[in-house]
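The structure appears right after this line, and notes come after that.
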Amino acid sequence: MSESNVNMAQAATEPSPARPATASSAHRGPSTRQIAIVVAILGGSVLFTAMTSDVTKVSEPGVKLTADGQPFLTDQAGNWTGGELTGLTDEEKKILPEDTMGSRRMFKDKDGDQLFCSIVLAGRDVTSIHRPELCLTGQGWSLGKLGVEQIPTPAVKEGVLSVSRLNATRDVKLSDGRIGRANSIFLYWFVGKDRVTPYHWQRIYWTAKDRVLHNTNHRWAYILIHIPVTKNAATGNTGKSEEETMKVVAGFVQDVYPTLVAN
């Protein structure tokens with residue numbers, strides 16, 4: 001509940017200081033302020049009920065599906081070749097709603113660059129999808145500031161795809177027993193029916209709007225890409241820098257996006 005809602009609730013429940021009744025005030029109806037408070041409380045109650053009640057309609061997903069309803073993840077995107085297709089882990093299946101779907105692959109290009117692409121598709125339950133930051137911190141990643149990258153992508157209606165970007169670091173044990181610092185870039189965005197956004201808050205807003213105004217549960221997918229930054233002074237690795245790595249993953253996004261979205 002916001003501070004303003006708390007204040008309104010308190011105003012409605014706490015008694016006002018007693019004052020002598022007069023002939024004119026004893027028969028006067030509720031004030032404009034009192035009516036506004038009651039309306040606000042009733043409106044909030046209706047909104048809360050609508051948001052938590054069973055929604056009868058489910059929108060089509062914005063990503064392609066396989067014959068068995070799983071999110072489709074290609075094994076070939078431009079110069080990128082995908083490895084074995086996997087789904088949700090057993091741990092994820094225990095935590096997420098039963099109708100949550102997932103598809104994952106490792107990809108490798110002709111230059112030896114590797115990355116990981118994952119799609120999680122919600123069912124009827126809005127808790128199927130959450131901010132990836134929650135999982136990443138639980139896996140031991142230290143996250144930098146969240147930013148948004150604009151990737152020129154011809155398959156997008158506007159010609160540019162906006163994706164959230166997180167730079168992340170994590171301690172890893174090296175082959176010689178030393179502890180090194182792994183650097184990675186994570187990109188993610190959310191896809192709904194005719195809607196794409198890099199913002200978690202916007203997805204939540206659209207979800208609430210669809211549920212309240214249209215009795216429709218918006219079936220979201222979120223797409224997450226993880227690519228390591230291979231250049232590392234601490235380990236002597238002379239691979240790609242962070243800037244070079246971003247160019248590589250942007251190229252993958254351009255190649256894979258047309259294979260993901262539903263027509």
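The values are calculated or read from the model by the stated rules, or taken from the named source; none is laboratory data. These numbers were taken from a predicted model, which means no experiment stands behind them. Here the Cβ positions follow ideal geometry from the backbone for every residue, glycine too, while neighbour counts run over all protein chains shown. Heads up: the accessible areas ignore ligands, DNA and RNA and are worked out on the full protein's heavy atoms, side chains in. Shrake-Rupley method; radii C 1.70, N 1.55, O 1.52, S 1.80 Å.
Summary table
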quantity: Selection count, region 40-63, where residues are closer than 30 Å to MET106 by Cα and either at pLDDT 95 or above or open to solvent by 90 Å² or more (accessible area, probe 1.4 Å) (or both); calculated: 1
quantity: Test: residue in region 175-186 that is at pLDDT 90 or above and either open to solvent by 40 Å² or more (accessible area, probe 1.4 Å) or among the aliphatic types (A, V, I, L, M) (or both); calculated: yes
quantity: Restricting region 69-98 to residues that are out of contact with any strand residue (DSSP E or B) (no Cβ under 9 Å at 6 or more places or on another chain) and not in a helix (DSSP H, G or I), the residue that is least open to solvent (accessible area, probe 1.4 Å); calculated: PRO97
quantity: Single match in VAL172, VAL163, VAL191 (criterion: open to solvent by 40 Å² or more (accessible area, probe 1.4 Å), on the phi < 0 side of the Ramachandran plot and either β-branched (Val, Ile, Thr) or in contact with an Asp or Glu (Cβ under 7 Å, 6 or more places away or on another chain) (or both)); calculated: VAL172
quantity: Residues of region 100-143 satisfying the condition of being open to solvent by less than 50 Å² (accessible area, probe 1.4 Å) and among the charged types (D, E, K, R); calculated: ARG104, ARG105, ASP109, ASP113, GLU133
quantity: Close pairs from region 130-147: first among the charged types (D, E, K, R), partner open to solvent by 40 Å² or more (accessible area, probe 1.4 Å), Cβ under 9 Å, at least 6 apart; calculated: ARG131/HIS200; GLU133/LEU143; GLU133/LEU146; GLU133/HIS200; LYS145/ASN167
